[in-house]
Amino acid sequence: MNELALAVYASEIGAHLLRPPGDPRFAAHVRSFDARAYEERLAARGFRFLARPAAKFPALLRAIHDPPPGLFLRGVAEPDLLSRPAVAIVGARACSGYGTAVARMLGRELAAAGLVVVSGLARGVDAEAHRGALDAGGTTVAVLGCGIDRDYPAAHAQLAHRIAEAGLIVSEYAPGVEPRAWRFPARNRLVSGLCAATVVVEARERSGALITADFALDEGREVFAVPGEIGSALSVGTNALLKFGASPLTSAADVLASFGIEAAGAAEGDALLDLLPATADELVQRTGMSAAEVARALVALELAGAASVQDGVYRAQ
């Protein structure tokens, strides 16, 4: 099967196809499709296509019951990034200030510990998780529900650029495909499918984040939910997940433990306490430590409750 031909055909007819349809129109498309020429046009625009049978196609995603024919890629990272240990962080678009802070903190701390942070580039929790990972000098992957050439929402074009400069933006949809409501639930299965664990930070009763969690549960993956106020509409979804067996998340250490990772960097963190308040960049300049070392140390301080961060400035507690 020519996976690229199938992906392009699905884009052209506006359908969600996982396997070749048995109709004459698709057969004609395959006969006329020049895969090499199409890939050259992709490359000229800075895109790539990773077919499902390829050795570098992520095994976790291939293992779901409806994997895509392939993924279109944008960004500097190699496809191997998609096979590294990864965690999805998803939640409400219109999240609270608390949800914003938790999503960014989790993105920062999990990325600093070496996990790839995966989300959907949406407003709210998704965007904050991406920003947190980037703040830590870590790696993040954004999964689109539209063509690989689109930044959706458009307001996140700069964030998408930052993600592509350090990691990857991926989509099962070819360039030119417009965002449509039905494509986002399909996108959500890729978000969870790339990850061994999914974290839900605030979700209303019918939040798309719950769809992502359901996909993860169906595939036997770990699901964490951040407990919320029982009277808040933004907590209805997450608290329901806890009732149905999701693991409660009270710190990044809960997720790290599921990956067999211990929160590290306490000794380095102690050495930084006397230099606070300061930004991470200032600490790099003052200590000569690498950005990754400083990020790990600051995460250790936060996990220990010895430091907190606000507006990029770390302060001793």
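The values are calculated or read from the model by the stated rules, or taken from the named source; none is laboratory data. All values derive from a computational prediction rather than experimental measurement. Heads up, the Cβs are rebuilt from the backbone with ideal geometry, glycines too, and the neighbour counts pull from every protein chain shown. The accessibility values were calculated without ligands, DNA or RNA, using every heavy atom of the protein model including side chains. Shrake-Rupley method; radii C 1.70, N 1.55, O 1.52, S 1.80 Å.
Out of curiosity, is Ala129 among the small types (Gly, Ala, Ser), touching a Gly at 6+ places or on another chain (Cβ under 7 Å) and within 20 Å of Thr279 (Cβ to Cβ)?
Answer is no for this residue.
Could you list all residues from the range 99-129 that are without any contact (Cβ under 8 Å) to a residue 60 or more places away in the chain, of a type outside the set (Gly, Ala, Ser) and more than 23 Å from Leu217 (Cα to Cα)?
Across the range 99-129, the qualifying residues are Thr100, Arg104, Arg123, Glu128.
Which of (1) small (Gly, Ala, Ser); (2) at pLDDT 85 or above; (3) open to solvent by less than 60 Å² (accessible area, probe 1.4 Å) does Gly231 not meet, given it meets every other one?
So Gly231 meets the others, but not (3).
So, in the range 1-54, how many residues would count as being open to solvent by 70 Å² or more (accessible area, probe 1.4 Å) and over 25 Å from Ala160 (Cβ atoms)?
The total comes to 10.
Within the range 78-100, which residues are in a helix (DSSP H, G or I) and surrounded by 24 or more Cβ atoms within 10 Å (Cβ to Cβ)?
Leu82, Gly99, listed by residue number.
Looking only at residues in the range 146-175 that are assigned to a helix (DSSP H, G or I), surrounded by 19 or more Cβ atoms within 10 Å (Cβ to Cβ) and of a type outside the set (Gly, Ala, Ser), which one is farthest from the chain's Cα centre (by Cα)?
In this case the residue turns out to be His156.
Of the residues in the range 55-74, how many are within 23 Å of Ala196 (Cβ to Cβ) and open to solvent by 20 Å² or more (accessible area, probe 1.4 Å)?
Qualifying residue count for the region: 8.
Since Gly137 meets every condition but one in (1) open to solvent by less than 10 Å² (accessible area, probe 1.4 Å); (2) over 29 Å from Leu6 (Cα atoms); (3) assigned to a loop (DSSP other than H, G, I, E, B), which condition does it not meet?
Condition not satisfied by Gly137: (1).
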